[in-house]
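The values are calculated or read from the model by the stated rules, or taken from the named source; none is laboratory data. Remember, predicted model here, so these are calculated numbers, not experimental data. Here the Cβ positions follow ideal geometry from the backbone for every residue, glycine too, while neighbour counts run over all protein chains shown.
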């Protein structure tokens, strides 16, 4: 995409260029200043009641019935006669209604000033009685009073769904056809918004769908009006169809049928079957529409150009430019909007589209029984389930109600946030205040579009002390004859380049002055002393060519050369005791023992078969055979039955016998009298090594083994 020339961009940014200015506000026909109101009578409280004079009255609602003005306040209801003299303003009668249990309200975490009884509902029930409902310390109650004397009639009623719990929550109420229509919140947490009908003779109560964002989403109710066969509710709420844009407030008008009796036992039982709502649009037309969406107040029906209409006061979004507008709506246009298409969300996109007419069931959802397309339906409970189900899921209508004349009757947007709002179309002119920008403005105005740090006030601020020239916001002053402020472009560019060069120079000087010498490295550490090898847990493998293990054992380290024993963790399955050496292996059989055995075999009286060895050499169970008496154990048992990491040594014959000539001979098979004995510990022999070889030894069982018959048996002495 080709670049845009810089002069063209600067031309667009110049205020008042090609962009039209914001529409001028209409001037009111008459205004009354604050000083003029001091001449009017003022009501400051009851005579002799210092509490009302000191804490105020907290007016909640006003009602005019004939020549009497009823004022609902905190803990009181006042009645003023409008025909009295203007010099004094005192109530002709009043009612004091205080909450019964303030301690319980305080235990719920509420402040003391919230635990009063704020009278939020005061509506005429009939020609002679009034219905009053108060918060009653977050436990709402309702009473009936005589209009002439303010005397209570009947018993108290629960105020739930008829009066809010908190004085800051909205409420509208009216009587129509003997029934009370109210719109408020029905729970302590203010999460259940409800449009409710109660006190109906012979009819059950009806309410809106509970916890449904499509029906009501954080509403603030403003007005309730009966008109024709319907009751209309004006309110503002968070728009569910604009949820993709965040929390956007819109103005609504909803209606219900007076003869609505609820749905069938299957769908919308004791719920409104005729509830529908549509948007009220109060906006300034143009290429970009500017909306006033926050509904503040609505008047009762009045005649406008010979047609019934209502006047509504609107404001702007909380994060928008502050402003207000008055729009008029013909009630015929409101009724026509409820005949438009229904709206529904397009799957998963957040966009709401109109429902095709061929998908709308018959009779049309939201209509009154016995009227229009539902002429043949006797009561609302007789509607088909298809109609009731569609009405339950589609309470919102597509489109909006346009104001009378297509634009607001009155707007006011220039009274405030000017400088602080950084509005390019608003300037501060000392003689006239905040005015829209135009080419014919005199010089000397002030404007702040970039947000100067000193911009803290509004256009209505007064000059601060010490500002002789009348500066209010210390913003960018426009060129004027008294104090022209201009800066040449070459000077500005030179200042920027000089500042950059000066900063680079200072940075280099600081880096040079603050340079530190390199820190010498630490001398290399000497290599660690070699660690002695860990002692072996198992004997070395026997040398090749010595199957009998009869050679001399390998040379073992002397005690002086043996390094001190280290504490190591034993392997799993081993039992060891530190500091206890093992004896060396048994080695080959002693020569004296062999000669004694031969003497027994060949000596006089010998039978030629092995005999039982002496008692001193008898092999005990669990001990190795040796010619020496067994040495006492010096420690706990040591288990070496777990195979080592290295491969096991080659097996050698367990049964060894000597031929008559004294040479070793291999028996033909494994001797039955031989058994494998595991090492069970070592002796504390001085000079012994704890890890010597442990070859398998011969042991004699109690039963002599069966040896092969010799080829030549010596002749026994004394035998022929």
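Scan the helices (runs of 4 or more DSSP H) fully inside region 330-433 and keep the ones with 1 or more residues being modelled with pLDDT under 90 and surrounded by fewer than 19 Cβ atoms within 10 Å (Cβ to Cβ).
Per the criteria, 418-421.
Each row is one residue, and each column tells you yes or no for (1) without any contact (Cβ under 8 Å) to a residue 60 or more places away in the chain; (2) part of a strand (DSSP E or B).
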{"site": "183", "(1), (2)": "yes, yes"}
{"site": "224", "(1), (2)": "yes, yes"}
{"site": "242", "(1), (2)": "yes, no"}
{"site": "260", "(1), (2)": "no, no"}
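Taking the stated definitions as given, is residue 142 at pLDDT 95 or above, under 39 Å from the mean Cα position of the chain (by Cα) and surrounded by 15 or more Cβ atoms within 10 Å (Cβ to Cβ)?
no
Of the residues that make up region 196-212, is at least one crowded, with 23+ Cβ neighbours inside 10 Å, under 22 Å from residue 60 (Cβ atoms) and touching a strand residue (DSSP E or B) at 6+ places or on another chain (Cβ under 7 Å)?
The answer is no; no qualifying residue exists.
Residue by residue, here is whether (1) more than 23 Å from residue 140 (Cα to Cα); (2) out of contact with any helix residue (DSSP H, G or I) (no Cβ under 7 Å at 6 or more places or on another chain); (3) outside the structural domain of residue 402 (by TED's automatic domain parsing) holds:
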{"site": "188", "(1), (2), (3)": "no, yes, no"}
{"site": "233", "(1), (2), (3)": "no, yes, no"}
{"site": "242", "(1), (2), (3)": "yes, yes, no"}
{"site": "254", "(1), (2), (3)": "yes, yes, no"}
{"site": "258", "(1), (2), (3)": "yes, yes, no"}
{"site": "261", "(1), (2), (3)": "yes, no, no"}
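Among (1) in a helix (DSSP H, G or I); (2) out of contact with any helix residue (DSSP H, G or I) (no Cβ under 9 Å at 6 or more places or on another chain), there is one condition residue 113 misses while meeting the rest; what is its number?
It is condition (2) that residue 113 fails.
Identify the residue in region 47-84 that is at positive phi and surrounded by 10 or more Cβ atoms within 10 Å (Cβ to Cβ) and, among all such residues, is modelled with the highest pLDDT.
Looking at residues that are at positive phi and surrounded by 10 or more Cβ atoms within 10 Å (Cβ to Cβ), I get 75.
Within the set of pairs 6 or more residues apart or between chains, which connect a residue that is modelled with pLDDT of 75 or more inside region 17-46 to a residue that is assigned to a loop (DSSP other than H, G, I, E, B) and surrounded by 10 or more Cβ atoms within 10 Å (Cβ to Cβ) with Cβ atoms less than 6 Å apart?
Pairs found: 41/89; 43/89.
For residue 213, indicate whether it is over 13 Å from residue 256 (Cβ atoms), in contact (Cβ under 8 Å) with a residue 24 or more places away in the chain and in contact with a helix residue (DSSP H, G or I) (Cβ under 8 Å, 6 or more places away or on another chain).
Here the answer is yes, as residue 213 does meet what is asked.
Kindly list the number of the only condition in (1) modelled with pLDDT of 95 or more; (2) over 30 Å from residue 382 (Cβ atoms) that fails for residue 286.
Going through (1) modelled with pLDDT of 95 or more; (2) over 30 Å from residue 382 (Cβ atoms) one by one, residue 286 breaks only (1).
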